[in-house]
Structure formats: structure tokens, C-alpha cells
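Student: Pasting in a structure now, in C-alpha cells, and then I'll have a few things to ask.
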């Protein structure tokens, strides 16, 4: 029986590339998004749309629709990027990034715990911009802080889920050519998906809790 992969933010960009990658491997893909796309419908076994992962009622509906269906892999991919400038900070934008980039993945894991059994994996798509040690250019206050918070949440999840036999990773996809960065990245979504999938495949309970680049580089906190 093929394994089941659930991906949030699966309708475009890295999420869609991951859906295509895993469908190509014969995995059963459940794509979760706010608005479905024809491209996702082509590869996903099931699309659950109308889900805003920042809303507790939407995440509760997601859990109800899954009804305890076992998941072998949960990928928290949905994300948001704004570019704040000191002196003109938009705290509503910072708050929105915290909601979707940090709180939402934790909310989704909490809600879907009944679907995650021994041997399951959780991959949080984070960013090296969440690394405090790697910050030598400043700015991007909301994005950096939200991804740093996600990294902290992911590390705690790795500790708390270890007794259940569930491994967790924080994964930076690279600078990817997506709408989030006006398609100005260095690698394609397909390249990013392949690298992320390799890191997920290599993830074990012994390495759970780490922070990696999709190219295999271990990133500093």
C-alpha cells in the first residue's frame, strides 16, 4: 500500500512541486490549500480547499475531513513573505507572517496528531532567514522572526513526538523561483522539491529536530 503525504499550500510553487514529486513516486497526495488549482487536481488523490491554516475552525474542519486517516508524511509548506523597512514597520504584516509561518504549522500538527502514528514524519518548510546566526543583512523583521519561531516550535515538536516514533525536520528549500520572490530565485521549484524530498527520506528519529538546507547543508540556529 502506498504511503500518504499531506501538503499545505499545495496549489502552487514549492507545494505544488512537492505534490508532483510525491505523486510521481506513487504516493497518495492530499493537497490542502485556500483555493484549489487545476494543476494540483491533476496530481493529488484528494484536494481539500477552503482551508486557511491560520483559522482554528478551518484546521478543525481539515481534521474532521481526514477523520483519523493515517498520514505517513505531513509537510507544513504554506507561507507568507513581506518586506518591512525599519522606520516604516507594518505590525499587522508582521503579525500575519507570525500567524501563517509559525503558529499555523503548530496548529496543524496539533490538530492532526490522531493521523500521525509511529514512523510518520513532519517536515516544516522554513527558511535560512530564520537563522539568527546567519543574519548579516537585517530587515525582513516579520519573516525572520516567524521562521525563527517555527524552528523553535519544530525543535520542541521533535522532542515531544519522539516517544511516539515521529521524526520532525526544519527544511530550507533554497532561493526558489516562486511568486513569493517575484520569480527571482536561483533554483526551480522542481529542484527544490527534489532536494527537500531527499532530506525527508534521510530523516530518522536520530536526526530529528535538525535544521537543513535542501542541498543537505546543516544550517546554524
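Student: Can you figure out the FRET efficiency of residue 49 with residue 160, using R₀ = 30 Å and their beta-carbon distance, to the nearest 0.05? Show your work: numbers first, answer last.
Tutor: Details: r = 30 Å, r/R0 = 1.00.
Between residue 49 and residue 160 the formula returns 0.50.
Student: Highest first, please rank the peptides 86-96, 139-149, 8-18 by the mean number of other Cβ atoms sitting within 10 Å of their residues.
Tutor: 8-18, 139-149, 86-96
Student: Further question: Evaluated at 10 °C with a viscosity of 1.306 mPa s, what Stokes-Einstein diffusion coefficient in µm²/s does region 21-150 have when Rh comes from the Kirkwood expression over alpha-carbon pairs?
Tutor: Stokes-Einstein gives a translational diffusion coefficient of 99 µm²/s.
Student: Okay, moving on. Between the helical axis of 13-24 and the dominant principal axis of the chain, each derived from Cα atoms, what acute angle in degrees is found, rounded to the nearest 10?
Tutor: 30 degrees
Student: If you line up the long axis of helix 141-161 against the longest principal axis of the chain, both from Cα atoms, how many degrees apart are they, to the nearest 10?
Tutor: So the inclination is approximately 40 degrees.
Student: To the nearest 10 degrees, how steeply does helix 189-202 sit against the main Cα axis of the chain, on a 0 to 90 scale?
Tutor: 60 degrees
Student: Would you mind ranking 221, 212 by Cβ crowding within 10 Å, fewest neighbours first?
Tutor: Details: 221 13, 212 23.
Least to most surrounded, the residues fall as 221, 212.
Student: Using 0.36 nm times the number of residues separating residue 215 and residue 82, minus their current alpha carbon distance, what extension gain do you get?
Tutor: 45.4 nm
Student: Can you check how the C-alpha radius of gyration of region 1-81 compares to 2.2 N^0.38 Å, as a plain ratio?
Tutor: Relative to the rule-of-thumb radius for its length, region 1-81 sits at 0.99.
Student: Separate question: Which shape class, rounded, prolate or oblate, goes with region 91-158 when its Cα gyration tensor gives a ≥ b ≥ c as root eigenvalues, a/c under 1.5 marks rounded, and past that a/b bigger than b/c marks prolate?
Tutor: Oblate, because a/c is 1.5 or more while a/b does not exceed b/c.
Student: Next up: Just how far, in whole angstrom, is region 13-48 from region 91-169 if you go by their alpha carbon centroids?
Tutor: 21 Å
Student: Still on this structure: Rg and Dmax of the chain over Cα atoms: what are they, in angstrom?
Tutor: Rg then Dmax for the chain, in Å: 16.1, 55.
Student: Then there is this: With each run of n ≥ 4 DSSP H residues scored as -39500 (n - 2.57), what mean residue ellipticity at 222 nm is computed for the chain after dividing by its residue count and rounding to the nearest 500 deg cm²/dmol?
Tutor: Numbers: 7 runs with 79 residues, N = 221.
Dividing the helical sum by the residues of the chain leaves -11000 deg cm²/dmol.
Laboratory data are not the source of any read-out in this text; all were calculated from the coordinates shown. If you're wondering where the values come from, they're calculated on a predicted model, not measured in any experiment. Ideal geometry is used to build each Cβ from the backbone, glycine not excepted, and the neighbour counts take in all protein chains shown.
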